[in-house]
1. Could you work out the relative contact order of segment C:84-202, using alpha carbon pairs under 8 angstrom and six or more residues apart, expressed as a whole percent?
2. Treating cross-link reach as a plain straight distance, find the aspartates and glutamates whose alpha-carbon is under 15 Å from the alpha-carbon of B:Lys52, omitting any fewer than eight places away in the same chain.
3. Once the label point is placed 7 Å from Cα along Cβ, list for D:Pro170 the distances to the corresponding points in the other copies, in nm, shortest first.
4. Kindly flag which residue pairs out of A:Lys40/A:Lys67; D:Lys3/D:Lys127; D:Lys3/D:Lys145; C:Lys3/C:Lys105; A:Lys3/C:Lys3; C:Lys115/C:Lys218 have an alpha-carbon separation exceeding 23 Å in this structure.
5. Between C:Ala71 and A:Asp148, what's the calculated FRET efficiency when r is the beta-carbon distance and R0 is 60 Å? Round to 0.05.
6. In whole Hz, what ³J(HN,Hα) sequence does segment D:293-299 give by Karplus (6.51, -1.76, 1.60; θ = phi - 60°), x for Gly and Pro?
7. Taking neighbour counts of Cβ atoms within 10 Å as a proxy for exposure, in what order, fewest first, do B:Asp302, D:Asp25 appear?
8. From the backbone phi of segment A:77-84, what are the Karplus-calculated ³J(HN,Hα) couplings (6.51 cos²θ - 1.76 cosθ + 1.60, θ = phi - 60°) in whole Hz, Gly and Pro given as x?
Number of protein chains: 4
Amino acid sequence: MGKEISVGLIGHLFMGKAHSLGYKDVAMFFPDMELKPRMKMLVGLGEESVRKAAEQYGWESHGTDYKALIARDDIDLVDIATGNDTHREMALAAAAAGKHIFCEKPMAMNVAECKDMIAAVEKAGVKHCIDFNYRCVPAVALARKMIDDGLIGKIYHWRGVYLQDWIMDPKFPLVWRLIKEKAGSGPHGDLNAHLIDLARFLVGEITEVVGMMETFIKKRPLLGEAVGGLSATAQEEMGDVTVDDATLFLARFANGAVGSFEATRFAGGRRNGNRFEINGSEGSIAFNLERMNELEYYSRNDPAYAQGFRTIIVGESAHPYMGAWWPPGHIIGWQHTFVHQVYNLCNSIGRNQMPSPNFYDGLKCQQVLEAVEVSVENREWVKVEQ
Amino acid sequence: MGKEISVGLIGHLFMGKAHSLGYKDVAMFFPDMELKPRMKMLVGLGEESVRKAAEQYGWESHGTDYKALIARDDIDLVDIATGNDTHREMALAAAAAGKHIFCEKPMAMNVAECKDMIAAVEKAGVKHCIDFNYRCVPAVALARKMIDDGLIGKIYHWRGVYLQDWIMDPKFPLVWRLIKEKAGSGPHGDLNAHLIDLARFLVGEITEVVGMMETFIKKRPLLGEAVGGLSATAQEEMGDVTVDDATLFLARFANGAVGSFEATRFAGGRRNGNRFEINGSEGSIAFNLERMNELEYYSRNDPAYAQGFRTIIVGESAHPYMGAWWPPGHIIGWQHTFVHQVYNLCNSIGRNQMPSPNFYDGLKCQQVLEAVEVSVENREWVKVEQ
Amino acid sequence: MGKEISVGLIGHLFMGKAHSLGYKDVAMFFPDMELKPRMKMLVGLGEESVRKAAEQYGWESHGTDYKALIARDDIDLVDIATGNDTHREMALAAAAAGKHIFCEKPMAMNVAECKDMIAAVEKAGVKHCIDFNYRCVPAVALARKMIDDGLIGKIYHWRGVYLQDWIMDPKFPLVWRLIKEKAGSGPHGDLNAHLIDLARFLVGEITEVVGMMETFIKKRPLLGEAVGGLSATAQEEMGDVTVDDATLFLARFANGAVGSFEATRFAGGRRNGNRFEINGSEGSIAFNLERMNELEYYSRNDPAYAQGFRTIIVGESAHPYMGAWWPPGHIIGWQHTFVHQVYNLCNSIGRNQMPSPNFYDGLKCQQVLEAVEVSVENREWVKVEQ
Amino acid sequence: MGKEISVGLIGHLFMGKAHSLGYKDVAMFFPDMELKPRMKMLVGLGEESVRKAAEQYGWESHGTDYKALIARDDIDLVDIATGNDTHREMALAAAAAGKHIFCEKPMAMNVAECKDMIAAVEKAGVKHCIDFNYRCVPAVALARKMIDDGLIGKIYHWRGVYLQDWIMDPKFPLVWRLIKEKAGSGPHGDLNAHLIDLARFLVGEITEVVGMMETFIKKRPLLGEAVGGLSATAQEEMGDVTVDDATLFLARFANGAVGSFEATRFAGGRRNGNRFEINGSEGSIAFNLERMNELEYYSRNDPAYAQGFRTIIVGESAHPYMGAWWPPGHIIGWQHTFVHQVYNLCNSIGRNQMPSPNFYDGLKCQQVLEAVEVSVENREWVKVEQ
């Protein structure tokens, strides 16, 4: 039995469950990791609801006060999987208590909050990590490896869209994700944050942007009885939607590439269409999260009569992470990105290395998000703070 | 202006139109062919209908008596694009008159008829060709080239299906294709004939078969007023369907490969699904006529992390036939297989070479078709006459 | 905390791990199941290897003697996830001890063994279940529901292939799966067993078959040091491959449908291509395990201008099992079929119902497998024992 | 034999050949059109080259002076299929001579030229048409019909890219398309012009834009011996590329929809990837020119368990134009868009109606193109002249 790291998780709903799964299953597939996570405590709102979740997910204890969690001496890592408007406060408290921190994306409500959080973790000297879990999709990791190996060459184009459709019904109620005070923004912070991180991971830093935002349905029924996950019930009374329904922007990268980004919740039929394509001087890569076990790859160096995008089923032991799973063609699921994320995180802490992605990545992502918002306001190109 | 070959075409309906298009357009894309076809005469049933067709397709003259066509001294090539039950008679007459012959598939009603036709063309010393037009799909020609070049290696598997659905409606009437005396068989002769020829073209000779036939809808309304093409009207009175609705068979090839074949008109949603896959020791190939400008290709010799079926858009000048057409990605259509077929045919005659595929291929295809029928009758494996 | 069922698992390698995952995670996603599995004991060969696996997968205890497991009073359910040649012996022992049984497929080495096992469980009055886990793919369950709801209508065609390629390298050694005494057969029992069960699940009983088997590579290097999973090392000495590399057969169903089946390990590029298509009078369905979160569906009742196969991303709460998982488009993985299988099994036992599929399904599958083998021997159609 | 319209074509290279094919084959598939085109005269540069082309394509006469063509009394329609920098001059001359005009896209070098041309045709009272041939893809016409019929509902999103890769090789020489004086712009005028027209056709008028342009390879070898089509040879001396290699822009539509556009010649592996997706309140549509016989369609009104994008093979008689072609699944090619365009054009003239799209559409497209160029210059959003 190897060494352990004790984890306390704040948030027991959608993301809390996904993170829990990561801690629960990681050692089953990666038994030789540096530190095995021990699921010490789960904190959330609603005693009964949290109790059930703790039992269901396999947490040793539970509570409703995150400060009590942070106060415990026997917890090494605090995982913040709550709403965006709480990240700063929790991270500051955790850092002050000397805890390592794993935080959901987007990192915070704005750049200023991100900087506060970085100041706190730097002062505390703790490890920090942001949950851009799509870096941990094996196909994405393979894309990165191909780029690093020169198979794509000099990158010309990034073309990223994150298409969803879960609020297209005008009767869908005004959940927290549609209220600016709670969510910060709509699909911009929720989905473009992922695209921006993937673009930074695969292409490089973004230097300037110009964008547009639109709210197609401006009033919705107030929320009735809240229920877990994304389902919800509605009242008759209406309220204002205060976030974007769709945000698009164009970008330039430091390395000369050009890019387009789009996040929307109004693309009917696209349930979770996190898609990107990269074109470089030597080859191209395309990815779609709905078929996350596949990577499309084109090489300009194939013989002229045999060129074309090939569909790589990312399931070989030659592929990142996949040696730990099943034989080729036995696909993994969305939740397994969290297994990989936890694996990376626990290994980094165990080796006394800074995890990746970390708060610096969270900040840079936020700076791009915010530059887009300024651009929308000013109707012009805006430089991204570097 | 190069030398010409004068053509007389018998049959002015579906296949007659497709062949006409081939003659009409070939010199536009292949101006350097050996002999340019001259569209001398079109023969069909129904004076008014044939007259219109001749004008529409660009034939210089027309008639309703195929013997008059064959009797003309100024016709070099007789193209037989009529029902299966007329091929033998017409071919014998054309050969006796010393005409080269281009004949629709399947070659005849049975092996005995095919042998009569071969005896006739051999005696006359004329050129002969069978219209297995799918050999002329550039993607299929590319598949053949890849196999010849060793990219697929030793072939293990042929997996061919030809799926259609145009008679699924029980009210669809008893057209000639559903009557054994006229059509010989159902999808077996109509569609499996194509698959068998493709399998012979790409894999090699078939040595033994075992099969099954089924007629799902055994009675249909008698045909009302006949109309061109595949559309038809129905009467109230019912008649017996005397051909197969679906025929499946397994096969062994002389080179050790194993194969499966299926032709059906009851695969809902598959309009023209002529599909095959070939697996060999070095690679695999897959094709679907509904996406005939594409070839799927897998190489076992790609690096382990980058293996997968690649979708080749067969439109490069590096691809068979395609240098004559448009820039890459500007696709060609089904009818252009006839342009290629005519191109090959006129070149072969111009060079005094036997065209390919020819009556010997037609016979071998018929021998396999007939072996399957015997197998169905006897409920056991049957050797194919070699 | 609900009621529990104590499980003992025999087999700690590939399938043992998959089953373990099912027990471990099921209550996280299906907290309201009738009986929650408790992972009591893991048995396998090799003390050290089993010890590690037990720790890794979360079993409370472990051992190397399956009889000791069966002898324990505190175990309710015996899970047999070992080689095919051991199923009968273990099942008989477990039944004699009054244990419920969950057994890997194929059920046994032959029909006679299956009948012994059924006699044993009937005598003991215990519940029994066979691990045809692909019934538990949500897309497959949806296909079944669509068929039950009449959306496909009268079924005409079943077209199933299970394509793999993991032994194409002639240097791949003679592992147990290639030795008749241990495996019973090659892809026939391994992969056609799955197809047969799916065909029975979705279409109905098979009445007669005709088939062929081929072993493309007849000698292989003897196995060197055995390693877990499918990887293996080779010696210089060669031995005979005594199972099929590929088995194809045609079939008739009791309801009038016709079918084709193919299982091979020589389809280069197809890693885990468990694919089927069903065509009926009202619609069609197509499935590919490599994209197991999708179901292709065609309806003949769509408007004429809008007909086509639609790609359903099976991830809605309206889809079988999927309400328990993540939001739409957040896909699940291959291993989650075992979660569903365990869920069904524990619910059935908890409700004192016979699980499905069970030993009767295992027997029927074996009867078809065996009929194919007789057909190959006799080169003719063979009736399946009903 | 119906009435005829006599055509004179200027331009005998790529587009000249495509237009010729349209005139040559249209009456074969649409025999009942109002006016049958008669191919009177072909004009191009290079006597020998034009003579050959005229013979090959089937023109009755040929010449090298377009003014001679326009001067002929026996020509009704002048087709301008030359470089962008000649359209205005030729159109003005043709209009002055009272000829109907069919002009390649983009209409001219800039908005001012377009307005000159409109003034000329209005003064002359002739019919005019612009060759936005992709409106004539049956799948695109079907998309329009679906939108008109309300199947897509209120449109939220347009997402269009036109991806090519034919100049990615840095050694590809400085052909006329890469020189601003001759081409006006790069893929912006060449490819975005198509996207803009399709967006206007399907979504509506564009009101404001913001864009970016990039030239990835700024110097190229000067052109050696010019050859037809897109192939070319290079010299050692280098020259400046003065057009864009890629142009992206965001847009707002008058009806509230938001859109993104991208045209590039640096998307490796995308040979002719003219793709768009439209999302509306009731459904979505997606198209890819490389699979131009297909339309992807999603309906939000399908039952919850059976929603998904369906692939419509646009080949039914229920689909626009396709009743004139072959049975379902027998696909048409890229060149057949010109057959449809000629069909529409000749019918409009025959019925004394203004063709669609016409010079007003050409102007509106140019206004959007130009607004994007201003936006690139000013780095801000720009209103489109209405």
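Quick note: the coordinates plus some simple rules give every number you see, no bench work behind them. All values reported here derive from a predicted model rather than from experimental measurement. Ideal geometry is used to build each Cβ from the backbone, glycine not excepted, and the neighbour counts take in all protein chains shown.
1. After rounding, I find 29 percent.
2. Filter leaves B:Glu60, D:Asp32.
3. 4.5, 5.6, 7.0
4. D:Lys3/D:Lys145; C:Lys3/C:Lys105; A:Lys3/C:Lys3; C:Lys115/C:Lys218
5. Efficiency, from the Cβ-Cβ distance: 0.60.
6. Along segment D:293-299, the couplings run 8, 10, 10, 8, 9, 10, 10 Hz.
7. Ranked by crowding around the Cβ, least crowded first: B:Asp302, D:Asp25.
8. 10, 9, 10, 9, 10, 10, x, 4
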